[in-house]
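Student: The following block contains the structure, expressed as structure tokens.
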Amino acid sequence: MQILPVVVQWFMRCIVCQKYSFPLICTACCQTLLVPSLTTRTVEKEFKVYSFYRYAEVAPLLKTKHTHIGAAVYRILAREAFGWFKNNFDFQERITVIPVDDRPKSGYAHTAILAKALENSQLKPRYGTLHATSDVSYSGQKLAFRERHPRAFVYRGENISKAIIIDDIITTGTTLREAKKVLEKSGVTPMFALTLADAR
Ligand SMILES: [Zn+2]
């Protein structure tokens, strides 16, 4: 019987370095490739977006998003980046964490995975509250297209004060600007946004 060794071999290699590893990404790769390095962008006056990685550094991992290993890869990225954030910043108050458009696609919602990794006694995710009502795809599209075709977000959450907005990638910033405006109209004050990667 050759099946078992083949299956074990296939499952037990790090997808980055290909060395034998029980986790999908080995500890050594997490400790080198996935150490967060915060970058900042101001997408609207006073509103900052912090990203943990530069897009090019983690692009192959982000591209697993809609594959069969996407959820597992996003859980690792979430743990290394958002988990690091919650352990290093103390807000001294309760803040709501709002994932952008966490409708499940390919069986899971990638922004919900990121928001969950932030959860602690201060940071409280609220799922299913900020959804797009347009399914326009921004992939490969320029700023002008994105601004002509809004995501048409609707906020259905409770009346809260401060929030952190969560998304996986910032490209032009159009999505986060729109999300921020919709939240503000509902009386929410977005403090800043967190994204895994900055594609600038
Ligand atoms: Zn590795």
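Bear in mind that the values in this text are calculations on the coordinates, not laboratory data. This one's a predicted model, so the numbers in the text were calculated from it and none came from an experiment. Cβ: placed from backbone, ideal geometry, glycine included. Neighbour counts: every protein chain shown.
Student: So, ASP101, is that one of a type in the set (D, E, K, R) and either touching a helix residue (DSSP H, G or I) at 6+ places or on another chain (Cβ under 6 Å) or at negative phi (or both) or not?
Tutor: Against the criterion (of a type in the set (D, E, K, R) and either touching a helix residue (DSSP H, G or I) at 6+ places or on another chain (Cβ under 6 Å) or at negative phi (or both)), ASP101 does not qualify.
Student: For region 113-137, what are the residues that are part of a strand (DSSP E or B) and over 16 Å from SER186 (Cβ atoms)?
Tutor: Result: LEU123, LYS124, PRO125.
Student: Just name the residue that is farthest from the chain's Cα centre (by Cα) out of those in region 39-89 that are among the hydroxyl-bearing types (Ser, Thr, Tyr) and assigned to a strand (DSSP E or B).
Tutor: Per the criteria, the residue is THR42.
Student: List the pairs whose first member sits in region 153-164 and is acidic (Asp, Glu), whose second member is not in a strand (DSSP E or B), and whose Cβ atoms are under 9 Å apart, counting only residues at least 6 apart or on separate chains?
Tutor: Once the first residue is acidic (Asp, Glu) and sits in region 153-164, its partners that are not in a strand (DSSP E or B) give GLU158/ARG126; GLU158/THR129.
Student: When the residues of region 23-53 are filtered to those that are basic (Lys, Arg) and touching a Lys or Arg at 6+ places or on another chain (Cβ under 8 Å), which remaining residue is farthest from the ligand (Cβ to nearest atom)?
Tutor: LYS48
Student: A follow-up question, please. Which condition does GLU80 not pass, out of (1) touching a Ser or Thr at 6+ places or on another chain (Cβ under 7 Å); (2) surrounded by 15 or more Cβ atoms within 10 Å (Cβ to Cβ), if it passes all the others?
Tutor: (1) is the only condition that GLU80 fails.
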